[in-house]
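The values are calculated or read from the model by the stated rules, or taken from the named source; none is laboratory data. Here the structure is a predicted model, which is why all the values come from computation and not from measurement. Cβ placement follows ideal geometry from the backbone for every residue including glycine, while neighbour counts extend to all protein chains displayed.
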Amino acid sequence: MNIPSSLADKIKSARNVFVFTGAGVSKESGLSTFRGDDDSIWNKYDPEINATPEGFYSNPALVWNFCRDINLFTHAKPNPGHLALAQMESYYDTFTIVTQNVDCLHEQAGSTDVVKIHGTCDLIRCTKCGHRAPASNFDFTHEFTPDNLPKCEKCGALYRPDIVWFGEYLPEEAINRASAALQRCDLMYVIGTSGEVSGGYGFAQHAAAAGATVVEINPKRSSLTYFADYHLAGPSGEILPLLLDILKNS
Ligand code: NAD
Ligand code: ZN
């Protein structure tokens with residue numbers, strides 16, 4: 001793919017970068033997206049049952065089995081897209097990744113300023129007292145039934161995944177950090193997100209209106225493409241290393 005020279009100039013001259021990522025950036029690590037691809041998770045599972053508090057409280061075993069089936073707790077590896085983002089950091093004053101992903105692949109790749117607005121799969125949280133425990137303390141490979149659900153080691157109530165389900169508030173501290181990064185950014189990357197859930201639309205609209213350069217990386221168009229100055233149509237694992245090369249060669 002040829003990167004337009006006007007975009008290469010913006011990439012080199014920017015100082016504060018806001019990266020907004022979604023499930024697509026982890027696709028090349030073997031994790032399925034929720035929407036937009038033939039093997040997307042919501043083509044096979046009902047989000048109302050598997051990703052809402054109501055669904056969980058009416059059938060927690062089913063939701064834990066869903067988490068197991070979509071490999072929420074298995075360990076994927078960062079792909080060249082995550083690794084390129086981690087290396088880009090050193091070329092800018094600030095480089096904040098705001099991710100909707102609950103995998104830990106940006107951190108594993110070496111990114112240091114990662115804001116997780118939808119929680120994380122490396123922890124589970126008590127539904128009553130809020131105690132958090134490492135997911136790695138538990139076995140998520142077996143079939144869950146009402147008799148073997150993970151229970152809080154402090155109070156005995158049910159544990160749940162420490163992720164944000166549909167209908168739940170986004171974590172306040174994460175949103176504050178994302179807003180601060182948004183105010184200062186002069187370059188925004190929107191990578192691998194359909195833009196159909198929380199925040200994306202507002203982030204891209206705000207950055208575009210404030211004059212930041214908005215670059216989308218996604219093989220398909222999304223609901224955020226409208227705000228993009230550049231749409232680089234292809235997989236992020238191939239395109240991000242090309243953008244890193246621009247910085248390395250400058
Ligand atoms: P989404 O599933 O709604 O959309 C994925 C987007 O990625 C689509 O637009 C698709 O065209 C694009 N895409 C597919 N392959 C790509 C590639 N190789 N490179 C770049 N883009 C590619 O994802 P979303 O917008 O993040 O929203 C889904 C929600 O599901 C989020 O809240 C997220 O937390 C959660 N989720 C997380 C993971 C994860 O942690 N890895 C995986 C699935 C879903
Ligand atoms: Zn508890």
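Within the stretch 33-52, restricting attention to residues that are charged (D, E, K, R) and in a loop (DSSP other than H, G, I, E, B), the residue that is nearest to ligand 2 (Cβ to nearest atom) is 46. If you go through the stretch 144-164 and keep only what is of a type in the set (Phe, Trp, Tyr) and within 16 Å of ligand 2 (Cβ to nearest atom), you end up with just 159. Considering only residues in the stretch 145-165 that are within 16 Å of ligand 1 (Cβ to nearest atom) and in a strand (DSSP E or B), the one that is surrounded by the fewest Cβ atoms within 10 Å (Cβ to Cβ) turns out to be 163. Within the stretch 25-62, restricting attention to residues that are surrounded by 20 or more Cβ atoms within 10 Å (Cβ to Cβ) and in contact with a Gly (Cβ under 6 Å, 6 or more places away or on another chain), which residue is farthest from residue 150 (Cα to Cα)? If we take residues in the stretch 25-62 being surrounded by 20 or more Cβ atoms within 10 Å (Cβ to Cβ) and in contact with a Gly (Cβ under 6 Å, 6 or more places away or on another chain), then 25 is farthest from residue 150 (Cα to Cα).
Residues that are away from ligand 1 (no atom under 16 Å from the Cβ) and either assigned to a loop (DSSP other than H, G, I, E, B) or touching a helix residue (DSSP H, G or I) at 6+ places or on another chain (Cβ under 7 Å) (or both) within the stretch 166-196 comprise 182, 185, 186, 187, listed in sequence order. Does residue 135 count as surrounded by 14 or more Cβ atoms within 10 Å (Cβ to Cβ), modelled with pLDDT of 95 or more, of a type outside the set (S, T, N, Q) and within 16 Å of ligand 1 (Cβ to nearest atom)? In short, no. Once the stretch 106-143 is narrowed to residues that are free of Cβ contacts under 8 Å to residues at least 40 places away in the same chain, part of a strand (DSSP E or B) and of a type in the set (Val, Ile, Thr), the residue that is farthest from ligand 2 (Cβ to nearest atom) is 114. Taken over the stretch 1-20, residues that are of a type in the set (S, T, N, Q) and in contact (Cβ under 8 Å) with a residue 24 or more places away in the chain amount to 1. None of 30, 55, 24 is away from ligand 2 (no atom under 16 Å from the Cβ) and at positive phi except 30.
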